[in-house]
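The values are calculated or read from the model by the stated rules, or taken from the named source; none is laboratory data. From a predicted model like this one, the values you see are computed outputs, not experimental measurements. Heads up, the Cβs are rebuilt from the backbone with ideal geometry, glycines too, and the neighbour counts pull from every protein chain shown. The accessibility values were calculated without ligands, DNA or RNA, using every heavy atom of the protein model including side chains. Shrake-Rupley method; radii C 1.70, N 1.55, O 1.52, S 1.80 Å.
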Amino acid sequence: MNNMGRDIRYALRQLLKAPGFTVTAVLTLAFGIGATTAIFSIVEGVLLRPLPFADPQNLVILGDTLESTGMTSPSVPAPEAAQYTRDTRSFSSMGAYQQTGYELSGIGDPAQISASRLNAGVFTALGVAPLMGRVFTQPEDDGKAQVAVISYQTWRSRFQGDQQVIGAKLLLDRKPYEVIGVMPRDFEFPLVPGQLNRSELWVPMSFTQGELMQGAASWNFQMVGRLKPGLTPARAQQEMQPVAQAIMRAFPAAMSGVRIVPSVQRLDESTVAQARPLVRTLFLAVTVVLFIACANLAGLLLVRVIRRRREIAVRLALGATGSTVVRQSLTETLTLSVSGGVLGLILAAVAVRAGVSFLPETLPRVNSISLDWAVVGFSLLLAVLTGLFCGLIPAFAASRIAVNDALKDAGRTGTAGGGHARLRSALVIAELAVALVLLTCAGLLLSSFERLRAVDLGFRPDHVLTAGYGLPHEQYSSQAAVDAFNSALLSRLRQLPGVQTVGITTSLPGSGIDNSTGFYAEGYAPAKGSELTAAWPSQILGDYFPAAGIPILRGRGFTEADRADSPMVIIVNRTLAERYWPGQDPIGKRIHIGVKDTPLPWMTIVGEIGDIKQGTADTDTRPQIYQPDSQWKRAIGMFAPPDMLTGNYGSIVLRSALPPEEMTDALRSAVRSIDPQLPLIQIESMDRVVAEGQAPRRFNAALISSFAAAAALLAVLGIYSVIAFSAALRMHEMAIRLALGSQRSSVVGLILVSGAKLGLAGCVIGGITAIFATRLLSSLLFQVDPLDPFVLVLAALSIFVLALAASIIPARRAASVEPMQALRMD
């Protein structure tokens, strides 16, 4: 302990004598450790931290996947939820859930919120007790009790954290609900990957008669269950197979072509599956930056050893052992690394607090990202390991200094410490190589993002304002009431100054909301084993196609004559027409919903539109069908719930001559003039809707590019320090060269060649490494080859040019030396 205290005091004295070196080293480490800690907090919060439920490893999502449809996320119709609960024995508890939306009023201004309907068994399966009050029971679920459990955030924002909130009333779709519980701060369910709107409250599922009658026509519900101890998802899935067979035998004849396959997936795995590639890439990128920071520090420490070689030689000559020198050198390095780690932890805390809001909203469990004790422990351990990694090589180099040579100062010619020079050069080459890898990754992501922006969306988002709405069933309980509202809304909006066209759709283009319905095309014979024919359905009102800027290639659009009681018509996109009637005119062709034998009415194609990106720009264009909203209930016939109302929700698409932002207040006023209590959802321009769909890829490219820029900067500083120090050691040599008649340009060229050699070596090694490393990015790229030669060559050329640029200042400094002054000083 005495030796340790003496070593720490000695290290502090030495560091205080060299404030420039100390500040540079601490800031370099703080940047590397802080960035790594901040990214690790994301990794820990999203991937490593257990879900905030009891024994989360036993929680699974379960249900059906439809064979030959590509549907991989399990779901069930309403009747199957009860059947799986009754006939399976692998689960201690389970329940169905469905995300939905409600108009919330009675507490502050009316607003459209995201919520979830749950069976009472869901809370039992999750095993999370409420912070206040209680959760609802199965009798309340069966009895359609109007009770609600609210989230912690809703309790704080809408009820101001009122401790007497239990028993309070709120209105959901203008029906009174009683608040019976408040969930803990970190409770979040469902954990839906890619979901922007998280549930603000939970109400009993209370299946409607229409949902129970719809049966196999609608896989609209998900299920969560808790496995009994010792059982695996595979075993539970095997047990569900006979239940699935019984369900299929009960399907009506019209559903004979549908085959379901039961699926059981771990909840934690399904939650983070989509986020794993991004988070791993971020952690790899920040590890590269940390490595470069460590290499820079190791180079600085080697330079410090060389500058102190005579001091160390004197200590060795006076009897100090090599182990003592190593210990004191490591103590000095660890003092630097711990100081850098503490500062880095402060920087990480600031970065996490400020940066979480910039993370993609689709990243799961964003709210759980924080600097907890696990992250703090990781940061401090990282600081110690970094100090050891950076300090071992310089420490051993210090202990092996040749005493006689150092005391005679033979190192002034530049020959002494040749091994040190080679080690410093190797570190810089490694820095340049990994910086090249990261720069290549950034280039690929930027190229991918540019390809994404260049995709033809099929519609014109400029000068378009969008907003969603949902009509509460309590006030709009009949089709006549819904139709009257929609008619009045379209009429008012068309009269607004600057409005050119306006329409309503159930599926906003570019929103990324997935939907699908099966259909049969007249005269089409699918190949055996091929996927079921399915399309993206949209029901529209008004002048939707001109409002969205979607061109009609053939035929016509919908008119006021296409009413509920008129002949059924439909408009399809080019992909559907080419897939099912290649080389033919689709106008006049017919399709119907369901499979071939489903007894549903035929719909005649009256128009063909161009392909549009109904989802995000990086998704494949799917077959799309459009129908007048008034005819949709007839189209699905036997599968339509008895209480189904069409047109009771949708997205307004308003094209105007004015900027969309200037139309916002007018849109709100028009809606309030019809229904003063009706809130609008996400009023934003179509340009913003498209930008939100591109946000994850923009975030990927921006963050990796930031790390690449930091890595390149650190690598440039590394090569600058090596070249500058090497040139300083060779100052005597340069003076002699100039004194013997060498041109100053030759001296500049000599130094630049040294930098070029390091840059070339780094580019060769980095290029080879990048060929293998960039394959890890495949899932994050869009229409870009991970081995794109243009990006690789451009990145290598950039690193080489930066290496030369870093050598220019030392080269000019060496060439500007005055020979007589340098030789006289020597």
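Annotations for the structure displayed:
- Close pairs (7 angstrom Cβ cut-off, 6 or more residues apart or separate chains): open to solvent by 60 Å² or more (accessible area, probe 1.4 Å) in the range 520-531, modelled with pLDDT of 65 or more and in a loop (DSSP other than H, G, I, E, B) anywhere: E522/K589; P526/T533
- For the range 714-721, the criterion of being part of a helix (DSSP H, G or I), more than 37 Å from the chain's Cα centre (by Cα) and over 30 Å from L471 (Cβ atoms) is met by at least one residue.
- Filtered by the rule that a residue be over 15 Å from G503 (Cβ atoms) and either in a helix (DSSP H, G or I) or not small (G, A, S) (or both), the range 534-555 gives W536, P537, L553, R554.
- Within the range 557-591, the set of residues being under 11 Å from E608 (Cβ atoms), of a type in the set (D, E, K, R) and surrounded by 13 or more Cβ atoms within 10 Å (Cβ to Cβ) comprises R574, E578, K589.
- Answer from S478, S487 - the residue that is surrounded by fewer than 17 Cβ atoms within 10 Å (Cβ to Cβ), within 30 Å of L104 (Cβ to Cβ) and without any contact (Cβ under 8 Å) to a residue 40 or more places away in the chain: S487
- Screening I625 with (1) within 19 Å of D543 (Cβ to Cβ); (2) assigned to a loop (DSSP other than H, G, I, E, B) gives one miss only, at (2).
Yes/no matrix, rows are residues, columns are (1) crowded, with 20+ Cβ neighbours inside 10 Å; (2) in contact with a strand residue (DSSP E or B) (Cβ under 6 Å, 6 or more places away or on another chain); (3) in contact (Cβ under 8 Å) with a residue 60 or more places away in the chain:
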site	(1), (2), (3)
I107	no, yes, yes
A120	no, no, yes
V128	no, no, yes
R134	no, yes, no
V149	yes, yes, no
I180	yes, yes, no
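- Selection of the range 188-244 for residues being at pLDDT 75 or above, out of contact with any helix residue (DSSP H, G or I) (no Cβ under 7 Å at 6 or more places or on another chain) and part of a loop (DSSP other than H, G, I, E, B) yields P190, R198, S199, T208, W219, N220, K228, P229, G230, L231, T232.
- Any hit, the range 651-659, residues being in contact with a Ser or Thr (Cβ under 9 Å, 6 or more places away or on another chain), surrounded by fewer than 16 Cβ atoms within 10 Å (Cβ to Cβ) and under 30 Å from P497 (Cβ atoms): yes
- Some residue of the range 35-44 being more than 30 Å from G470 (Cβ to Cβ) and touching a strand residue (DSSP E or B) at 6+ places or on another chain (Cβ under 7 Å): no
- Once the range 49-65 is narrowed to residues that are open to solvent by 30 Å² or more (accessible area, probe 1.4 Å) and more than 20 Å from S92 (Cα to Cα), the residue that is modelled with the lowest pLDDT is R49.
- Which listed residue is in contact (Cβ under 8 Å) with a residue 60 or more places away in the chain, surrounded by fewer than 17 Cβ atoms within 10 Å (Cβ to Cβ) and part of a helix (DSSP H, G or I), from M638, M663: M638
- Being touching a Gly at 6+ places or on another chain (Cβ under 9 Å), farther than 22 Å from L302 by Cβ, surrounded by 19 or more Cβ atoms within 10 Å (Cβ to Cβ) and in contact (Cβ under 8 Å) with a residue 24 or more places away in the chain holds for only one residue in L738, L777, L792, and it is L792.
- Checking L297 against (1) closer than 30 Å to T24 by Cα; (2) open to solvent by 40 Å² or more (accessible area, probe 1.4 Å); (3) at pLDDT 75 or above, the condition it does not meet: (2)
- Here V286 meets each of (1) buried (at least 20 other Cβ atoms within 10 Å of the Cβ); (2) hydrophobic (A, V, I, L, M, F, W, C); (3) over 27 Å from A773 (Cβ atoms); (4) at pLDDT 75 or above with one exception, condition (3).
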